Structures are given as structure tokens and as C-alpha cells.
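Enquirer: My structure is below; once you've seen it, I'll send some questions.
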Amino acid sequence: MAKWEGLLHQYKEFLPVNENTPMLSLMEGNTPLIPLVNISKKLGVNIHVKVEGANPTGSFKDRGMVMAVAKAKEEGSNTVICASTGNTSAAAAAYASRAGMKTIVVIPDGKIAMGKLAQAMMYGAEIVAIEGNFDEALAMVRNISGKSPITLVNSVNPYRIEGQKTAAFEVCDQLGQAPDVLAIPVGNAGNITAYWKGFKEYNEKFGTGLPRMHGFEAEGAAAIVQGAPIEQPETVATAIRIGNPASWAFAEAARDESNGKIDFVTDAEILEAYEMMTREEGIFAEPASNASIAGIIKHVKSGEIEQGANIVAVLTGNGLKDPQTAIAQIEKKPTVLPNDEEAVFNFIKGAVQA
Ligand code: F0G
């Protein structure tokens, strides 16, 4: 296998990379595409998951951020800014550190999973937590970047979409062609926009075909499904707790051009998929990522995804990002016993029989 040197190197002919672009990399991309053996069988379809939690900061955001930060550096900027539900801030801070730049992040106070906050802090970002939601934070950083030399690296920055589209290239390379259906969580709607762009570009160049794009919002944050912004979005999947997606129109275009659908899944369905994926497949992705699995289950049941379909679900972030939700989800806690082998052995015998 050829040596992997990161996305800017691997896909430079598809990306805005020129001789002045710093070849920034933390070796992002090249993530595994894993078949779901048990859930596929149960549903009568053929599911693969694109494990974006295997990226350097544990989410798909690294794909867009390597491109956006490299371009910011190329253009002479020394500071990047973003609003975030967590993952964007971790990726921005990591790539800016690598590039010798500063990062400012604005987050909704108390609504960021612990792992993501730890990352942004460790990578050295300046973190502002507001008593507001993601949509309000995004409006703020858009204005601030507009009146200062600070570069905005949310997905309204077109370089983010360029970087993120590479995931669709990889899916086509890994499967040999596009799947019938691409199932993806939708928050700010940048990623569904990026995948659709990627599938179209690869199809034009290599004839790899086009999937139907099935996007899934959380029920309490399903602005696109409802057709109106949601002032106070709420969901256990904090990554997609977004009430006014910036790439709304692009998401609708991806849906319509691909003959797909944007739907919602409930928090209960997300948590059920979250547990099913860990228990039955050994794959631990964060709650928002499992909106794609919950959505597949919903659409197979409704007939909107046909029996035998080849489906790729995007698992956008690593399960370790959000330890609180994981621990809260499982009723069975570790058993505390005395430091005594017999007591431990007796307990194990009971557990094995159960
Ligand atoms: N899944 C995860 C784990 C995310 O972090 C996000 C977005 C999405 C799905 C939705 O992707 O916004 O492109 O539709 N997280 C952003 C953030 C908003 O700030 O980290 P989208």
C-alpha cells in the first residue's frame, strides 16, 4: 500500500492546493469502512460504517479543518475562530496548534461533551462559553470575523466543505463504487453538503455512481424537517443540537438532487442505536453519529430503504468524546468488591451463569 500522507497530499488534484499552500497534516483521513454484520442481517440490508472517529482528533471535522487552517495560514492569518458544539473546536485547535496559529472558540455553556472540551483546552484554545446556543454563537463569530483579521473556520468557510468531501472519495474507493444510500447525521448541514459534492465530483471523474442522501436530524432540533428554524433546540446528541443550520439550502439540494430524504430521529431512537452498535457490533461512536443508524432502522421499517440495499452510514465522532452520556445510558455499574480473590471468583461465577 502506498504511504498515506494525509488529505491535502492524497487528494490535491481535487482540492484548492497550490504551491503556496502549507502541506499541513496530522495524517487525517483514510478511515476504516466496517461492515455491520449483525444489524445488517437483522434489517435485511448491507450496511457499512465510515468510522470518522478514527481521525486524529476523533471526528470528521479534521478533514475540513486541515484544509481551512492550511488556507488561513497560506493567506497570512494567525488566528482562527469558530462556534462549536465541540468537535469543530477540538479540530480547529489541533490544526491551528500544528500550524503555529491561535484558536478562539465560542461554545454553548454546559452543552459540550466532556472529551471535546478537554481537547480544546489541551490544544490551547481560548475558550469562551456563552449562555446561549450554537446558532447564537455562530452568528456572533460570523460577525466578529467579518470585522477583524481573524479567520472563520466553521463550515460556512468553503474550504471546510472541500476538505470534508474527501470522505465520499474514500467511500467510493473502499466499496469500488458509491452505495445505494448514504445515511448521515445532520446538524449545521455542512457534512451532508460536502459528501454530496464529493460523490458528484468522483462520479464525474471515475463514474462511481451517486447514492441517495438520507440525512437525519434529532427530533428536538429538526429545523429542516419542520421547515422552520428552532429557537431552543434540544437533544441528547449535543453535537447536532442546532436549530438553524447554516447549510440548510445545500442540504435540501443534496436531498432533492439525489432523490433522498431528510428526516428526524428521536432521542430514544438515537440512544437505542448507540447501545445496539456497542453491544452487537463492538463499535462505539458518539450519540449524534448514531442518528445515522437510528435513521436507517426507521427507513428500513418504513420501506424508504429497500431490502438488500447497500448503505453507508457515517459515524461522525468517537464514542469516547462523550463519556457522561455513555455512563448515564448504562444502568449496570461496576461491581465494587473487597480485595479478595474468593469474593471476586464467586461473583464472576454468578455473572458467567447469568
Ligand atoms: N456528528 C458530529 C459528531 C458532529 O460533531 C456534528 C457537527 C455533526 C454530526 C453534524 O455535522 O454540522 O456538518 O451537519 N458538529 C459541529 C461542531 C456543529 O461544532 O462540532 P454538520
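The values are calculated or read from the model by the stated rules, or taken from the named source; none is laboratory data. In this text, all values refer to a predicted model and were calculated from it rather than measured experimentally. Cβ coordinates were reconstructed from backbone atoms using ideal geometry, including for glycine residues, and neighbour counts include every protein chain displayed.
Enquirer: If I ask for residues that are touching a residue at least 60 places away in the same chain (Cβ under 8 Å) and within 22 Å of the chain's Cα centre (by Cα), which ones from region 1-24 would you list? I'd like the intermediate steps shown before the answer.
Expert: As a first pass, look at region 1-24 and keep what is touching a residue at least 60 places away in the same chain (Cβ under 8 Å): 6-8, 10-11, 14-16, 22, 24.
Selection gives 6, 7, 8, 10, 11, 14, 15, 24.
Enquirer: Among the residues of region 20-32, is any surrounded by 18 or more Cβ atoms within 10 Å (Cβ to Cβ) and within 28 Å of residue 309 (Cα to Cα)?
Expert: Checked region 20-32: at least one residue is surrounded by 18 or more Cβ atoms within 10 Å (Cβ to Cβ) and within 28 Å of residue 309 (Cα to Cα).
Enquirer: Continuing with the same structure: I'd like to check something: does region 115-134 contain any residue that is among the basic types (Lys, Arg), crowded, with 17+ Cβ neighbours inside 10 Å and at pLDDT 95 or above? Quick ask: steps written out before the conclusion?
Expert: Filtering region 115-134 down to residues among the basic types (Lys, Arg) leaves 116.
Within this subset, residues satisfying the condition of being crowded, with 17+ Cβ neighbours inside 10 Å are 116.
Cutting the leftovers down to at pLDDT 95 or above gives us 116.
Yes, there is a match, as at least one residue in region 115-134 is among the basic types (Lys, Arg), crowded, with 17+ Cβ neighbours inside 10 Å and at pLDDT 95 or above.
Enquirer: For region 84-112, give me the residue count where each residue is small (Gly, Ala, Ser) and within 14 Å of the ligand (Cβ to nearest atom).
Expert: Here is the first cut: in region 84-112, the residues small (Gly, Ala, Ser) are 84, 86, 89-94, 96-97, 99-100, 110.
Narrowing further to those that are within 14 Å of the ligand (Cβ to nearest atom): 84, 86, 89-94.
Residues in region 84-112 being small (Gly, Ala, Ser) and within 14 Å of the ligand (Cβ to nearest atom): 8 in total.
Enquirer: Another one. Taking residue 217 as meeting all but one of (1) within 16 Å of the ligand (Cβ to nearest atom); (2) touching a Phe, Trp or Tyr at 6+ places or on another chain (Cβ under 6 Å); (3) in a helix (DSSP H, G or I), write down the number of the exception.
Expert: It fails just one condition, (3).
Enquirer: Can you go through 43, 36 and tell me which one is out of contact with any Phe, Trp or Tyr (no Cβ under 8 Å at 6 or more places or on another chain), closer than 18 Å to residue 185 by Cα and away from the ligand (no atom under 16 Å from the Cβ)?
Expert: On the way: 43 fails: closer than 18 Å to residue 185 by Cα.
Selected residue: 36, the only one of 43, 36 that is out of contact with any Phe, Trp or Tyr (no Cβ under 8 Å at 6 or more places or on another chain), closer than 18 Å to residue 185 by Cα and away from the ligand (no atom under 16 Å from the Cβ).
Enquirer: Only one of 286, 304 is farther than 26 Å from residue 62 by Cβ and in contact (Cβ under 8 Å) with a residue 12 or more places away in the chain. Can you tell me which? Steps first, please.
Expert: Details: 286 fails: farther than 26 Å from residue 62 by Cβ.
Residue meeting the stated conditions: 304.
Enquirer: Find the residue count for region 146-158, including only residues that are within 14 Å of the ligand (Cβ to nearest atom) and either over 26 Å from residue 8 (Cα atoms) or in a helix (DSSP H, G or I) (or both). Before the answer, list the steps.
Expert: From region 146-158, those within 14 Å of the ligand (Cβ to nearest atom) are 152-158; that's our starting set.
Remaining after also requiring either over 26 Å from residue 8 (Cα atoms) or in a helix (DSSP H, G or I) (or both): 158.
Of the residues in that region, 1 qualify.
Enquirer: If you scan region 266-293, which residues turn out to be among the charged types (D, E, K, R) and in contact with a Pro (Cβ under 6 Å, 6 or more places away or on another chain)? Before you say what the answer is, go through the steps one by one.
Expert: Here is the first cut: in region 266-293, the residues among the charged types (D, E, K, R) are 267, 269, 272, 275, 279-281, 286.
None; the set is empty.
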